[in-house]
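Peer 1: Before I ask anything, let me first share the structure, which is written out below as structure tokens.
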Amino acid sequence: MSYWLLKSEPRAFGITDLENAPNQMTPWEGVRNYQARNFLRDGLHLGDQAFFLSFRHDKSRHRRDRRSSTGRLSG
């Protein structure tokens, strides 16, 4: 099992977007850095733990997530 730190800009995808998604699951898309995209695509496996970091103004919120069998992040 691996542990991942996932960061998102709130304007692109914030923690409330994940909280409001059906079953708190969503595809992870829009990664612009090719190396980061490849690490996620090839390295993130079923059962891995992820720490989702989303900044909102000067406060940050976090959530611990797990990779689901569909390849989506779940809360």
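The values are calculated or read from the model by the stated rules, or taken from the named source; none is laboratory data. Everything numeric here is computed off the predicted structure, so don't read it as measured data. Here the Cβ is made from the backbone with ideal geometry for all residues, glycine too, and neighbour counts use every protein chain on show.
Peer 1: Scan SER60, SER8 and give me the residue that is in contact with a strand residue (DSSP E or B) (Cβ under 9 Å, 6 or more places away or on another chain), modelled with pLDDT under 80 and exposed (fewer than 15 other Cβ atoms within 10 Å of the Cβ).
Peer 2: SER60
Peer 1: Let me ask another. Just to be sure I understand the filter: pairs with C-beta atoms under 6 Å, separated by 6 or more residues or on different chains, first member in the stretch 1-14 and in contact (Cβ under 8 Å) with a residue 60 or more places away in the chain, second member in a strand (DSSP E or B) and not charged (D, E, K, R). Which pairs pass?
Peer 2: From the stretch 1-14, the pairs are LEU6/ALA50; LEU6/PHE52.
Peer 1: Looking at ASP48, ASP17 in this structure, which one is charged (D, E, K, R) and touching a Pro at 6+ places or on another chain (Cβ under 9 Å)?
Peer 2: ASP17
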